[in-house]
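The values are calculated or read from the model by the stated rules, or taken from the named source; none is laboratory data. These numbers come from a predicted model, not from an experiment. Heads up, the Cβs are rebuilt from the backbone with ideal geometry, glycines too, and the neighbour counts pull from every protein chain shown. What goes into the accessible areas is simple: the full protein's heavy atoms, side chains included, and nothing from ligands, DNA or RNA. Shrake-Rupley method; radii C 1.70, N 1.55, O 1.52, S 1.80 Å.
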Amino acid sequence: MTDDLSGLEALDAPALTAEYLRRRMQFRDCCKRAVRVSRGSGGIYVEGNRLAYASVLFTRIAVMSKSIERLLPDCKPKEHWDFSAVASLARNLAEAYLWYHWLCEDDVDDEIRQARFVLTYCHDHGSRGRMFAPEDPLPQDSVVMADLIARFDGNAFLRTYDAKARREALKGHKTPFVQDEVLDRMGADKQDFRLLYRFFSQHTHTGPVSFMRTFEHDRGAGVETEHEKRYMIVAVDFAASILVAATGGHLKLFPDAETRQPALTQADVIRNVERDQCRAKFRNRK
């Protein structure tokens, strides 16, 4: 990130603006492709949870990327600039792809893949339970837990866990994968990823890095400044790299998704939304 910012700092204001707009256009092109691939992989009957969750997670990745795109302002008066919002979504985009790769894209034995899904179900159950008070358990909690235990103990890979690891996994309080291990499997540069991930996390959680030097750096007031623009470029580049990798991974699982006719056209989607939301325009047209 330091090298990227140094290169951007060498640009004068017009050149920096041109560079930002160029990167924004590139990211928009990545988004268009991701949406096309996502829609092309929809409406397909699949067996097993690998492809089903690949479709679910990639939809989330494509939707989140479109949200980032919507937050990228133009370089003209009255535009709203908020790097922290873009940084937060870029971090979430990276997390979504870590899940996607670990659950669906990674080339592992089927027993291990199913073990990962069991761990994910445990994490989902544990996460939902932590949202409620201890005296207010989830409905049918004992039934769900019994099913998770049966799935856990029925998997040969998970049966290799010792008693402590098994107990912690069934609680589901922690993310079931180690980020660095997934990055290794992806072949990513851990140092660069970790630096940006931690930087963006400061903005996600409103850590001191996100606000302590805002006035000194002439940023954070919602207006276009050179520093805000430099940071935005860094976030856009990071998000683009994640989106390109995720799109490539999805095409491994759905090779014809980019060229396949979607199950629903854009017009179909709009009509369905108008109908479901009881819009007067749709009623009159009908």
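Below is a table of values for the structure above.
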item: Distance between modelled label sites at Lys171 and Thr17, nm, 7 Å Cα→Cβ extension; result: 5.5 nm
item: Whole-Hz ³J(HN,Hα) from phi, Karplus 6.51 cos²θ - 1.76 cosθ + 1.60, for the range 211-228, glycine and proline x; result: 9, 5, 10, 4, 6, 4, 8, 6, 8, x, 9, x, 10, 6, 9, 5, 5, 4
item: Estimated vicinal HN-Hα couplings, Hz - the range 29-41 in sequence order (Karplus 6.51, -1.76, 1.60; Gly, Pro = x); result: 4, 4, 5, 4, 5, 4, 5, 4, 5, 5, 5, x, 9
item: Accessible-area ranking of Lys190, Lys174, Lys78, Lys229, largest first, probe 1.4 Å; result: Lys78, Lys174, Lys190, Lys229
item: Farthest positive-ward along the chain dipole, Cα basis, beta-carbon charges - from Gly172, Phe83, Ala62; result: Ala62
item: Relative contact order, percent, the chain [alpha-carbon distance under 8 Å, six or more residues apart]; result: 35 percent
item: Check: the chain dipole with +1 on Lys, Arg Cβ and -1 on Asp, Glu Cβ, in debye; result: 1260 debye
item: Per residue, the convex hull volume that the Cα atoms of the range 153-202 enclose (Å³); result: 107 Å³
item: Residue with peak Gaussian network fluctuation, the chain [Cα springs, cutoff 10 Å], from Gln26, Gln191, Gln261; result: Gln191
item: Descending Cα extents along the principal axes, the range 146-286, whole Å; result: 60, 56, 31
item: Highest-fluctuation residue, Ala87, Ala115, Ala13 considered, GNM on the chain with Cα pairs under 10 Å; result: Ala13
item: Residue among Phe132, Ala188, Ala163 farthest towards the positive dipole end of the chain, charges placed on Cβ; result: Phe132
item: Dipole moment magnitude, nearest 20 debye, the range 1-143 about Cα centre, only Lys, Arg, Asp, Glu C-beta charged; result: 780 debye
item: Translational diffusion coefficient (Stokes-Einstein; Kirkwood radius from C-alpha pairs) of the chain at 37 °C, 0.692 mPa s, in µm²/s; result: 152 µm²/s
item: Rounded tilt (10° steps) of 190-204 against the dominant C-alpha axis of the chain; result: 80 degrees
item: Sparse-neighbour loop sites [GluC sites (Glu not before Pro); the range 196-286; at most 11 other C-beta within 10 Å; DSSP]; result: Glu216
item: Listed pairs Lys78/Lys229; Lys32/Lys252; Lys76/Lys229; Lys32/Lys229 exceeding 21 Å between Cα atoms; result: Lys32/Lys229
item: Charge dipole magnitude, Cβ of K and R +1, D and E -1 - the range 86-237, Cα centre, debye nearest 20; result: 420 debye
item: At 1.306 mPa s and 10 °C, Stokes D of the range 1-94 from Kirkwood alpha-carbon radius, µm² per second; result: 103 µm²/s
item: Highest-MSF residue in the chain out of Leu103, Leu148, Leu196 [GNM, Cα springs under 10 Å]; result: Leu148
item: Cβ-based net charge around Ser41, under 14 Å, with every Lys or Arg adding one and every Asp or Glu removing one; result: +4
